[in-house]
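The values are calculated or read from the model by the stated rules, or taken from the named source; none is laboratory data. Keep in mind it's a predicted model, so treat the numbers as computed, not measured. Glycine gets a Cβ as well: all are built from the backbone with ideal geometry, and neighbour counts include every protein chain shown. Just so you know, the surface numbers come from the protein's heavy atoms only, side chains and all, with ligands and any DNA or RNA stripped out. Shrake-Rupley method; radii C 1.70, N 1.55, O 1.52, S 1.80 Å.
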Amino acid sequence: PEETVTSSFASFIQAVRPEHLSRTVRHRSKRMILDSIGVGLVGSTTPVFHIALQYCRLYSPVAVSSVYGKPGVKLSPTLAAFTNGVATHSMDFDDTWHPATHPSGAVLPALLAASQMLPPGTKPTGMDFLLAFNVGLEVQGRLMHFSTEAHNIPKRFHPPSVVGTMGSAAATAKLLALSTAQCGHALGIAASLAGAPMANAATQAKPLHIGNATRLGFEAALLAARGMEANPLILDDIPGCSGFGVFYSAYQPKPLSTPGDHHEFLLEKQDIAFKRFPAHLGMHWVVDAALSVRNLFINYAGSFSPSLIRTIVLKIPVSKYINRPFPSSEHQARHSFQFNACSALLDGEVGLSSFTQSSIHRQELRELLDKVVVEHPEDNVANFDKMYGEVALLLHSGDVLTGKCDTFYGHWRKPLSKESLLKKFRSNASHVLPEEKIETIITMVENLEDLSDSSQL
């Protein structure tokens, strides 16, 4: 039969082998796994996680898969994936790729739950797990490259709810060793379960996008394994056939070649961005710019004195859902250029405590927010690979101090060091785990290729 885009993806999922993972890909993906686990652990302390957990415990008679931050609590595999996915994105602290999506949270919880689901004697090894994880990343990345729209900050669909669902299906299909035909059907089924609107950004519903992506992709693979079929052209651009292209404009799909001796994963060419504080990725540019100008201000005035500031000018890209002058909730604050810039100016840092209700509603912070003026320079595009953040302080004296950030620390062009990544993981995990378990996880992930049973993770 003639090869289609969909069949090429199915063939890739089935045929890819551990030897196709380069040292760079293994190293980068293990960093992603460790960071995602840490973010999920600290996310298990949030209100939205507890709502999701209470809901799932109503419907979990077959409890075999673990839940982040809750020793002794287990759920059915798909509900555990859902709950852990919600935890991962509950603070908007998870990794981000380009084109824009949150790749790890949509895949890792499904693989962790599936590893525990499989009976003794059929448990995947650590290398099986690492390969399946990278299959999930690769499928997400390739799908996003089918449209120029995906390269910019999204306006319609939240990307992980779209490509993340497909990545979860592909990763789980690989872990479960489905046939080529079943892999294709898993993608087709997942497409019918994908998609969430951007309108729910900055609300408690947004973490559900990651939870649903990892859960529903998992379910798509399970349904395909049991014989359910779907459109075999789901990824192809067929006139009159509204397939995966409905999610993106200017959709131009390309086949994914069966891996040979020199297959290059997208992760080889495009590293990942790790967040230093729990907020939308765009906030990291304005925070670093604000910290830079804050240092200039202290050198100028001897201390940070808000009364000397007449106006705060933010030069940011046009993106309505993260342009929030006066956020009133933690989720709105995580999606506000203004809030994060002013928090950095006032406190000299942004961290977990910045998004508590007491921090958000401080009078001195509100006074700074009143001074903010937003500008959208034409050269500052809504694209995580090209945008910048600029913060200018116009003082009552007439002087102007300016800080600008083109590439924040943690961006794929300026990756976190091993020490910084471990510090973040240890800090996040310490909210729910003792030190010895934290160090065990670090060692296990660093040596994942040597793990005989990935369910131990």
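Points to keep in mind about this one:
- Annotation: amide H-H contacts under 5 Å for Ile238 (H modelled 1.01 Å from N, sequence separation of 5 or more, or interchain): Gly243.
- Restriction of the GluC sites (Glu not before Pro) in region 353-411 to DSSP coil positions whose beta-carbon has at most 10 other beta-carbons within 10 angstrom yields Glu378.
- Protein accessible area in region 281-405, 1.4 Å probe - carbon and sulfur %: 48
- Inter-centroid distance (Cα atoms) of region 293-339 relative to region 89-153, Å: 34
- Percent of beta bridges antiparallel (DSSP, region 281-405, rounded to nearest 5): 75
- Cα long-axis angle, helix 126-144 against the chain (0 to 90 degrees, to the nearest 10): 70
- Fraction of accessible area attributable to carbon and sulfur, region 79-175 (%, probe 1.4 Å): 61
- Residues whose amide H lies under 5 Å from that of Val372, counting only those 5 or more places away or on a different chain, are Ile312; hydrogens are built 1.01 Å from N in the peptide plane.
- Whole-Hz Karplus values for region 375-382 come out as 10, 10, x, 4, 7, 9, 8, 7 Hz, taken residue by residue from phi with 6.51 cos²θ - 1.76 cosθ + 1.60 and θ = phi - 60°; glycine and proline positions read x.
- Relative to the longest principal axis of the Cα atoms of the chain, helix 418-429 runs at roughly 80 degrees.
- Average accessible area per residue (Å²) across the chain - probe 1.4 Å, nucleic acids and ligands excluded: 39
- Ranked by how many other beta carbons lie within 10 Å on average, peptides 323-334, 48-59 from highest: 323-334, 48-59
- Over 30 Å (Cα to Cα) - which of Lys174/Lys269; Lys275/Lys315; Lys30/Lys70; Lys74/Lys414; Lys275/Lys437 fall in this group: Lys74/Lys414
- Shape class of region 281-405 from the Cα gyration tensor (axes a ≥ b ≥ c, square roots of the eigenvalues): oblate, since a/c reaches 1.5 or more and a/b does not exceed b/c.
- For region 418-457 and region 11-67, distance of Cα centres in Å: 13
- Taking amide H positions as modeled 1.01 Å from N, with prolines and chain starts lacking one, the residues under 5 Å from Ile153 and 5 or more places away or on another chain are Asn383, Phe384.
- Sorted peptide list for 408-416, 63-71, criterion being average Cβ within 10 angstrom, highest first: 63-71, 408-416
- Bridge orientation summary for the chain: considering DSSP beta bridges with both residues in this region, about 80 percent are antiparallel.
- With Cα atoms, 0 to 90° folded angle of helix 23-43 axis to the chain main axis: 70
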